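Coordinate-derived values only; no laboratory data. Predicted model only: the values in this text are computed from it and were never measured. Note that each Cβ is placed from the backbone with ideal geometry, even for glycine, and that neighbours are counted across all protein chains shown.
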Amino acid sequence: MAEPKNKYDRQLRIWGEQGQAALEKASICLLNCGPTGSEALKNLVLGGIGSVTIVDEFKVEMNDLGNNFLVDASSVGQSRAKCVCTFLQELNDAVKAKFIQESPERLLETNPSFFSQFTLIIATQLLEDSILKLDKICREGNVMLVIARSYGLTGIVRISVKEHTVIESKHEHFVEDLRFHNPWPELKQFAESIDLNVVDPVIHKHIPYAVILIKLVEKWKEMHDGHLPLTRKEKDEFKHLIKSLMLDIDEDNYKEAIRASFKVCPEGIGSDLSQILEDGSAEVDFGSSDFWVMVAALKEFIANEGEGEFPLEGSIPDMTSSTEYYVNLQKIYQAKAEVDFLAVEQRVRSILKRIGRDSDAISRADIKTFCRNSRKLAVRRYRSIEDEFKSPATLELQKNLNDEEYSYTFGFYVLLRAVDRFAANYNRFPGLFDRRVQYSLKSSEVADDVHRLNSIAVGILNNLGFKAKTLYEDLVSEMCRFGGAELHAVAAFVGGIASQEVIKLITKQFVPVSGTFIFDGIEHKSQVLPI
Amino acid sequence: MAAEAATTSIDEGLNEDGGRWKDLDKLILRPGTIVGDNFEPGPELKENLMKMVRVLVVGAGGLGCELLKDLALSGFLNLEVIDMDTIDVSNLNRQFLFRFGDVGKPKAEVAAKCVMERISGVNIVPHFCRIEDKDISFFDNFHIIVLGLDSIEARSYINAVACSYLEYDSDGNPSDGIKPMVDGGTEGFKGHARVIIPGLTPCFECNIWLFPPQVKFPLCTLAETPRTAAHCIEYAHLIKWGEALKRAELFGISGVTYSLTQGVVKNIVPAIASTNAIVSAACALEALKIMTDCSKTMSNYLMYNGTEGIHSKMTAFDRDKDCLVCGPGILIELDISVTLSKFIDLLGEHPKLLLSKPSITHRGNNLYMQAPPVLEEMTRSNLNLLLFDLIGKIPKDIIHATGTTSINGKRTSCLRKLRVIFKGTAEDVTDMDTMGAVYRFVDKDNPEFWGYPVPKF
């Protein structure tokens with residue numbers, strides 16, 4: 001590698017050195033390397049994933065040349081796993097690429113412990129029965145599982161992981177914690193040192209809006225028995241108060257203060273975050289993960305030194321200001337963030353000791369990152385596939401069935417399971433007749449398949465708790481038309497989504513999808529269904 | 001061959017491609033229940049797709065590489081690709097058709113060669129140049145244009161070119177020359193894919209507001225009150241290289257790094273393989289649907305965001321009926337003998353326009369400008385020339401006029417798109433003579449001045 005840094009520049013801007021290091025440490029196993037699997041792996045190899053192992057039993061046939069870029073005409077007759085592996089290696093020689101010419105189904109039977117060596121398994125084009133077995137094995141071995149499948153103009157991506165915790169969720173549109181309503185002594189002092197009635201117009205228009213708001217909230221509270229401007233009317237009055245101090249209508253800092261005036265009222269924490277704080281896992285013991293140990297410390301901090309507040313993040317947004325004011329303000333916020341961090345760190349250390357772990361088991365850098373992101377934590381838990389099938393989330397799904405806008409996706413969710421049952425019964429997918437492709441919708445064999453598929457789908461619907469007697473017939477008919485086809489464009493989409501979720505799971509940055517992603521290639525109204 | 005095959009059913013493994021397109025065939029050869037209006041499945045459709053349809057891919061970068069692969073494997077075997085860039089090391093994390101050894105070579109050429117080597121039967125013609133360098137007639141060759149670009153300007157340009165093929169009937173309905181486009185874009189975990197069918201769906205200009213203007217820092221902030229690392233870098237870029245770091249130290253600002261410098265100055269956006277793959281795949285699938293009608297076409301703008309979960313939202317945007325690029329404009333029929341000066345007078349008298357003091361442009365060239373004085377003087381001599389000659393003897397074209405008109409009793413400045421047709425030329429559309437909405441400008445002395453019907457004043 002001449003200059004790996006340079007090569008990965010565009011992605012380092014997203015997940016940083018830490019995210020990249022996590023990718024380079026990961027070892028991935030791909031089951032079946034048709035286009036869906038090949039495309040998923042291609043995106044990961046380009047990004048510099050540590051190692052990949054491909055498990056696929058097939059030999060390259062003519063139809064692979066029509067939908068898979070990672071094989072070519074010279075590959076026909078050779079092991080598909082080997083050909084895909086060779087091409088992937090060509091893309092990035094920093095990646096260790098291996099292959100095993102074997103059927104994933106057989107491996108599940110003969111060597112289940114094989115799967116436990118990997119960080120994550122990407123299972124593509126597997127049928128229901130094998131997925132159930134694989135999910136069990138992965139859960140027992142603590143291996144992450146991502147299921148991806150393309151089928152005609154539809155597809156599915158489903159994550160199965162017991163628990164995934166995220167510190168760096170990288171939320172967008174996040175309102176910074178600036179404490180205008182409740183400044184700590186140093187910040188208050190700094191605001192007090194600046195006179196809003198300064199006569200020099202140049203100084204006046206370079207007072208940062210943070211200072212304007214801190215001073216005016218103070219003033220407001222004095223006039224209103226210590227209350228913040230909460231109602232719409234009060235908020236408008238507060239804006240008028242800001243406006244009344246402008247020397248000139250063109251003062252950017254005052255305009256920014258008016259625009260940012262909503263920040264004087266603390267946002268309160270969202271339900272996701274309060275659920276994390278109340279989660280049973282925050283009662284930590286020796287077996288707890290670092291994440292939950294830090295959550296426990298966070299709870300203690302909020303109840304004690306934090307006085308009800310989270311640790312300060314320490315960064316401030318850009319605002320019109322003189323350089324001096326701005327840099328000083330920044331230093332005050334950073335200093336407070338450091339104080340909060342030290343308090344949290346101390347609590348982490350003592351908790352670690354209490355639960356019988358080395359008190360230095362969690363690095364300072366990790367605790368610091370945790371503090372900076374403590375209001376953005378995320379936890380995802382995925383039910384096992386078996387649970388999903390046995391006790392479906394009927395009520396949640398019901399909402400989707402009634403949603404006209406997304407009628408296809410729910411239908412596809414049911415039909416993707418129905419085609420597997422069909423295959424189990426008839427040893428072929430619906431709409432596959434010997435070697436013929438062309439057919440007439442009126443022919444009896446097509447009508448029979450549509451009818452059979454519909455009955456199976458209705459059976460699944462009833463098991464899901466729906467009383468429907470039929471599924472959208474046109475969609476059932478389309479499903480027969482697809483005949484198990486793996487179209488390249490659909491595979492590239494579904495594989496692309498799968499690889500993106502893999503990146504999120506491995507880097508522990510950004511938040512993976514919460515439910516089952518169903519691809520709608522007809523109208524592109526894809527949807528995430530609750531698990 | 002097509003006719004023969006049409007009479008018998010195609011047997012996998014027995015047809016000429018040895019079952020290579022077995023998967024795609026299901027969509028192209030079989031009738032369906034949820035399909036486009038003009039879907040005619042069968043070998044003829046397949047033959048058209050693979051042998052007749054020509055696709056232009058604009059851009060051979062992150063999206064372009066994926067697009068070429070996706071389109072070729074969707075049965076589009078005649079492709080051309082245009083890109084002005086050469087390969088950089090930082091492309092290699094996603095532009096999978098390039099290797100270390102290719103750094104410095106033209107993207108279009110390497111990409112075309114790589115895809116042709118791997119997918120037998122596909123033909124890709126590369127063009128290593130700017131899109132603006134191509135003669136407008138270059139675009140005549142393509143049935144569909146797929147865009148994998150990172151610039152608003154380039155999108156705007158191609159959009160205008162594609163929309164220029166659009167012809168309207170006298171009722172203002174699109175009649176001919178529809179050149180569809182599929183456009184993709186990504187940034188980090190986010191992206192979009194959209195379908196533009198000029199005249200039927202909004203064009204790029206109809207909702208240009210979807211693209212926010214780029215962040216520009218006011219110069220006074222950079223020079224006098226810098227606050228962030230980006231401010232110092234932008235300053236150094238404007239004033240002098242190498243001073244950024246010194247300046248940051250002077251003001252006590254941290255965070256000026258090489259990586260950030262590149263990001264600020266070159267406006268580098270983060271880019272990863274997976275998002276490009278997702279967006280390109282969506283674009284290629286839509287291209288297939290548009291050209292074959294094998295399923296419904298998306299309507300019409302897909303937004304994807306993978307930062308928190310998977311958000312994939314389809315929005316059906318509306319056309320801007322008055323869009324200057326894809327709208328019908330106002331049809332005006334003229335005699336070849338009309339001078340520019342007379343044309344300007346006519347615009348003032350036209351009941352739908354009533355334009356006073358209009359400035360006239362044609363394909364970006366100023367024919368006559370009312371202001372500023374310098375331009376007025378430069379273009380004044382055109383006034384006595386024939387309009388037909390001024391626009392290069394094109395029998396039918398679009399002319400833009402800017403002037404003031406009266407809307408609800410208020411003088412308002414406006415830009416109008418005019419479809420000008422010259423009578424007696426090859427393009428003279430005779431069947432329009434009977435249509436009510438056509439206004440024909442002929443000679444003032446001619447009693448049929450306003451053509452048919454005679455407008456009432």
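Taking H placed 1.01 Å from N in the peptide plane, check which residues at least 5 places from A:ALA97 or on another chain put their amide H under 5 Å from its amide H.
Under 5 Å from the amide H of A:ALA97 lie the amide H atoms of A:VAL52, each far enough along the sequence or on another chain.
Taking just the alpha carbons, could you work out the radius of gyration and Dmax for the range A:227-298, both in angstroms?
20.5, 62
Take every Cα pair under 8 Å in chain A that's 6+ residues apart, average their separations, divide by the length, and report that relative contact order as a whole percent. Each step should come with its number before you reach the end.
Working: 844 pairs, mean separation 109.7, N = 531.
Reported relative contact order: 21 percent.
What length, rounded to one decimal in nm, is gained on full extension from A:ASN6 through to A:GLU386, with 0.36 nm per residue of separation minus their alpha-carbon distance?
On the way: separation 380, 0.36 × 380 = 136.80 nm, distance 4.45 nm.
Residue separation times 0.36 nm, minus the Cα-Cα distance, leaves 132.3 nm.
Please turn the phi angles of the range A:378-389 into ³J(HN,Hα) values with the Karplus equation 6.51 cos²θ - 1.76 cosθ + 1.60 (θ = phi - 60°), one per residue in order, whole Hz, x for glycine and proline.
The phi angles translate into 9, 10, 10, 10, 10, 5, 5, 4, 4, 4, 4, 6 Hz.
Per the Cauchy relation, a quarter of the hull surface: what is the mean projected area of the convex hull of the alpha carbons in the range B:109-164, in nm²? Intermediate values should be presented prior to the final figure.
Values: hull surface 18.2 nm².
Average of the hull's projected areas for the range B:109-164 equals 4.5 nm².
Among residues other than A:HIS204 whose Cβ falls under 10 Å from its Cβ, what is the net charge (Lys/Arg +1, Asp/Glu -1)?
Details: positive: A:LYS205; negative: A:ASP195, A:ASP200, A:ASP248, A:GLU251.
With Lys, Arg at +1 and Asp, Glu at -1, the neighbours total -3.
Could you please state, rounded to a whole Å, how far the C-alpha centre of the range A:115-157 is from the C-alpha centre of the range A:196-262?
The distance from the Cα centre of the range A:115-157 to that of the range A:196-262 comes to 56 Å.
Enter the mean number of other protein chain beta carbons within 10 Å of the beta carbon of each residue in B:65-77, as an integer.
Numbers: counts 0, 6, 0, 1, 7, 8, 2, 2, 11, 7, 4, 0, 0.
The shielding value for this peptide is 4.
If eta is 1.002 mPa s and T is 20 °C, what Stokes-Einstein diffusion coefficient results for the range A:285-343, Kirkwood Rh from Cα pairs, in µm²/s? Numbers along the way, then the final one.
On the way: Rh = 13.2 Å.
Here the translational diffusion coefficient equals 162 µm²/s.
Can you list the aspartates and glutamates whose alpha carbon sits under 13 Å from that of A:LYS336, skipping same-chain ones fewer than 8 residues off?
Partners within reach: A:ASP177, A:GLU186, A:GLU305, A:GLU309, A:GLU313.
Using every pair of alpha-carbon atoms in the range A:1-84, split the distances into 5 Å bins beginning at 0 and state the percent of pairs per bin, rounded to integers.
3, 14, 22, 18, 13, 13, 10, 6, 1
Kindly state, to the nearest 0.05, the FRET efficiency for A:SER271 paired with B:ILE394, given R0 = 56 Å and r defined as their beta-carbon distance.
On the way: r = 64 Å, r/R0 = 1.14.
So the FRET efficiency works out to roughly 0.30.
Points 7 angstrom from Cα along the Cβ direction at A:SER440 and A:LEU132: gap in nanometres?
A separation of 4.0 nm, rounded to one decimal place.
When DSSP assigns beta bridges and you keep just the ones with both residues in the protein assembly as shown, what percent turn out antiparallel, to the nearest 5?
Details: 60 of 106 bridges.
Taking every DSSP beta bridge with both residues in the protein assembly as shown, the antiparallel ones total about 55 percent.
Per-residue ellipticity at 222 nm for chain A, helices alone: DSSP H runs ≥ 4 residues times -39500 (n - 2.57), over residue total, nearest 500 deg cm²/dmol? If you can, show how the numbers build up before the last one.
On the way: 22 runs with 266 residues, N = 531.
Rounded to the nearest 500, the figure is -15500 deg cm²/dmol.
Taking Cα pairs under 8 Å and at least six residues apart, what relative contact order does the range A:307-425 come out at, in percent?
Numbers: 56 pairs, mean separation 26.1, N = 119.
It rounds to 22 percent for the range A:307-425.
Quick one: Debye curve from the alpha-carbon atoms of the range B:92-217 only, equal weights, vacuum; give me log10 I(q)/I(0) at q = 0.11, 0.12, 0.14 Å⁻¹ to two decimals.
The Debye formula, applied to the Cα set alone, gives -0.51, -0.60, -0.79.
With a 10 Å Cβ neighbour count serving as the proxy for reagent exposure, in which order, fewest first, do B:TRP21, A:TRP292 appear?
Details: B:TRP21 27, A:TRP292 22.
Listing B:TRP21, A:TRP292 from fewest to most nearby Cβ atoms yields A:TRP292, B:TRP21.
What are the trypsin sites (Lys or Arg not before Pro) within the range A:203-242 that DSSP puts in a loop, where the Cβ has at most 12 other Cβ atoms within 10 Å? Don't jump to the answer; show the numbers that get you there.
Values: sites: A:LYS205, A:LYS215, A:LYS219, A:LYS221, A:ARG232, A:LYS233, A:LYS235, A:LYS239; in loops: A:LYS205.
Hits after loop and neighbour filter: nothing returned.
Would you list A:LYS188, A:LYS162 from fewest to most Cβ contacts within 10 Å?
Numbers: A:LYS188 16, A:LYS162 13.
The most exposed by this proxy come first: A:LYS162, A:LYS188.
Per the Cauchy relation, a quarter of the hull surface: what is the mean projected area of the convex hull of the alpha carbons in the range A:72-204, in nm²? Mind dumping the intermediate values first?
On the way: hull surface 72.5 nm².
Spelled out: convex hull of the Cα atoms, projected over all directions, averaged, 18.1 nm².
What is the Cα radius of gyration of the range A:380-531 over 2.2 N^0.38 Å, N being its residue count?
Details: Rg = 16.5 Å, N = 152, 2.2 N^0.38 = 14.8 Å.
Cα-based Rg divided by the globular estimate yields 1.11.
Could you give the C-alpha radius of gyration of the protein assembly as shown expressed as a fraction of 2.2 N^0.38 Å, taking N as the number of residues it contains? Could the numbers behind the result be given before it?
Working: Rg = 32.2 Å, N = 988, 2.2 N^0.38 = 30.2 Å.
Here the answer is 1.06, to two decimals.
Could you give log10 I(q)/I(0) at q = 0.20, 0.21 Å⁻¹ for the range A:231-381, computed by the Debye formula over C-alpha point scatterers of equal weight, without solvent?
-1.21, -1.28
How high is the FRET efficiency from B:ARG419 to A:LYS59, r the C-beta distance, R0 51 Å, rounded to 0.05?
Numbers: r = 60 Å, r/R0 = 1.17.
Computed FRET efficiency for B:ARG419 and A:LYS59: 0.30.
If you add up the charges near A:PRO266, with Lys and Arg at +1 and Asp and Glu at -1, over every other residue whose beta carbon is less than 12 angstrom from its beta carbon, what do you get?
Numbers: positive: A:ARG179, A:LYS263, A:ARG375; negative: A:GLU176, A:ASP177, A:GLU267, A:GLU309.
Neighbour charge sum, excluding A:PRO266 itself: -1.
Pull up all non-local amide H partners of A:THR516: gap of 5 or more, or a different chain, and H-to-H distance under 5 Å with H placed in the peptide plane.
Close amide H contacts, sequence-distant or interchain: A:LEU529, A:ILE531.
Roughly how many whole Å is it from the C-alpha centroid of the range A:32-64 to that of the range B:355-369?
58 Å
Calculate the radius of gyration of the Cα atoms of the range A:169-215 to one decimal place, then report Dmax, the largest Cα-Cα distance, as a whole number, both in Å.
13.5, 45
Sort B:PHE251, B:PHE128, A:PHE482 by Cβ crowding within 10 Å, fewest neighbours at the top. Let's see the in-between values first.
Details: B:PHE251 16, B:PHE128 19, A:PHE482 27.
The fewest-first ordering by Cβ neighbours comes to B:PHE251, B:PHE128, A:PHE482.
Would you calculate the convex hull of the Cα atoms in the range A:441-483 and tell me its volume per residue in Å³?
Values: hull volume 2.7 nm³, N = 43.
Spelled out: Cα convex hull of the range A:441-483, divided by residues, is 63 Å³.
How large is the translational diffusion coefficient of the range A:150-276 in µm² per second when you combine the Kirkwood radius over alpha carbon pairs with Stokes-Einstein at 10 °C and 1.306 mPa s? Could the numbers behind the result be given before it?
Working: Rh = 17.6 Å.
Value of D from the Cα-based Kirkwood radius: 90 µm²/s.
Considering the convex hull of the alpha carbon atoms of the range A:306-441, report its projected area averaged over all viewing directions, in nm², one decimal. Mind showing how you got there, number by number?
Working: hull surface 76.6 nm².
Over every viewing direction, the Cα hull of the range A:306-441 projects on average to 19.2 nm².
So which of A:LYS508/B:LYS190; A:LYS170/A:LYS219; A:LYS504/B:LYS313; A:LYS263/A:LYS299 end up more than 29 Å apart by C-alpha?
Values: A:LYS508/B:LYS190 18 Å; A:LYS170/A:LYS219 35 Å; A:LYS504/B:LYS313 20 Å; A:LYS263/A:LYS299 24 Å.
Violating the 29 Å limit, Cα to Cα: A:LYS170/A:LYS219.
Determine Rg/Rh for chain A; Rg is computed over alpha-carbon atoms and Rh is the Kirkwood hydrodynamic estimate from the same atoms. If you can, show how the numbers build up before the last one.
Details: Rg = 28.6 Å, Rh = 26.9 Å.
In chain A, Rg relative to Rh is 1.06.
Among all the lysines, which ones have a C-alpha under 19 Å from A:LYS133's C-alpha, if same-chain residues fewer than 8 places away are not counted?
Within reach: A:LYS162, A:LYS390.
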